[in-house]
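Colleague: Pasting a structure below so you can have a look.
The values are calculated or read from the model by the stated rules, or taken from the named source; none is laboratory data. Predicted, not measured: the structure shown is a model, and the values here were computed from it. Here the Cβ is made from the backbone with ideal geometry for all residues, glycine too, and neighbour counts use every protein chain on show.
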Amino acid sequence: MATREGTVVRVQRRFAAPRERVFDAWTNEDVLREWWSAMPSMRPGTIEVDLREGGRYRMEMVTDEGETHIALGEFREVRRPERVAYTWSWESNPDAMAGSSDTLVEVDFFEDGDGTIVTLVHSGFAAEQIAELHEHGWTGTLEELAKHLNA
Amino acid sequence: MNSSAAQLDRSFLALSHPVRRTILERLAHGPATVGEATRGVAVSKPAVTKHLRVLEDAGVIVRHVEGRIHRLALRVDGLVDAESWLDEYRSLWEAKFDAVERHLAKGGKDGDT
């Protein structure tokens, strides 16, 4: 489920997998290389993640047409397996963030019986239209993660 | 009592206190620490603990603990049972009003059917 309140994106999804596994799938570069994608027509490219507070990440998604989308940022909070927060911007298309260069992604992982509830809040967008694009992106990304975890 | 009735009890119990509704309204904007979710709420810490337990038992919130920080989130599927219970009764009444409208549209001459 996703909601948007002006320029803040919120997405929540439950996964039928233990919390450590979901956290690692979201943050560990070796696991990200297996699935990082926002839709079925994308696959992971080069993925580099220095998972520690102050560490940086740079993650590529490559479309079927060969287009590369590169997201990057810096970790602000790293608390395995509960929470991770990081800045977010696009190296490949800075205009996609027009006026919102330093957005923040906060991801929380909650145990829910034998599964895990993930909440993602992405804030700091300059325009609602940009937030809407990211809402679609995150919803698709959680869908791809679910496929990876079920595989 | 079957488990679905018990779940309904827990759901409506969760909604039946202003402090708990305040917490849920705040969490609707995203996960928050216990402090953030209960800021300005004039109840003691033990009372807050009790309210959070009611919400957790009902499955409408989840929590994780980082040291001394307890972070809460709304469990968006948590009130599904309560919603469908309400929906069921709303649709019964909507169906009744549809029947009344049909009756009135016919000029109300046909009596009850």
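Colleague: Being surrounded by fewer than 17 Cβ atoms within 10 Å (Cβ to Cβ) and modelled with pLDDT under 95 is the filter; apply it to segment A:5-30 and report the residue that is farthest from the other protein chains (Cβ to nearest Cβ).
Modeller: Going through the qualifying residues, I end up with A:GLY6.
Colleague: Ok, one more. Kindly list, by first and then second residue, each pair from a residue in segment A:116-127 that is on the phi > 0 side of the Ramachandran plot to a residue that is hydroxyl-bearing (Ser, Thr, Tyr) and in a loop (DSSP other than H, G, I, E, B), limited to pairs with Cβ atoms under 6 Å and residues at least 6 apart or on different chains.
Modeller: The qualifying pairs are A:GLY124/A:SER100.
Colleague: Residues of segment B:55-80 being buried (at least 18 other Cβ atoms within 10 Å of the Cβ), on the phi < 0 side of the Ramachandran plot and touching a residue at least 40 places away in the same chain (Cβ under 8 Å), which ones?
Modeller: Once the filter is applied, which keeps residues that are buried (at least 18 other Cβ atoms within 10 Å of the Cβ), on the phi < 0 side of the Ramachandran plot and touching a residue at least 40 places away in the same chain (Cβ under 8 Å), segment B:55-80 yields B:LEU55, B:ALA58, B:VAL60, B:ARG71, B:LEU72, B:ALA73, B:LEU74, B:GLY78, B:LEU79.
Colleague: Just for segment B:10-29: of the residues that are over 22 Å from A:ALA2 (Cα atoms) and without any contact (Cβ under 8 Å) to a residue 12 or more places away in the chain, which one is farthest from the chain's Cα centre (by Cα)?
Modeller: Applying the filter and picking the extreme gives B:PRO18.
Colleague: When segment A:102-136 is examined, which residues are found to be within 9 Å of another protein chain (Cβ to nearest Cβ), under 16 Å from the mean Cα position of the chain (by Cα), more than 12 Å from A:VAL84 (Cα to Cα) and surrounded by fewer than 23 Cβ atoms within 10 Å (Cβ to Cβ)?
Modeller: A:SER123
Colleague: A further question on this structure: Counting just the residues of segment B:16-54 that are of a type in the set (Ser, Thr, Tyr) and within 26 Å of A:ARG14 (Cβ to Cβ), which one comes out surrounded by the most Cβ atoms within 10 Å (Cβ to Cβ)?
Modeller: Selected residue: B:THR38.
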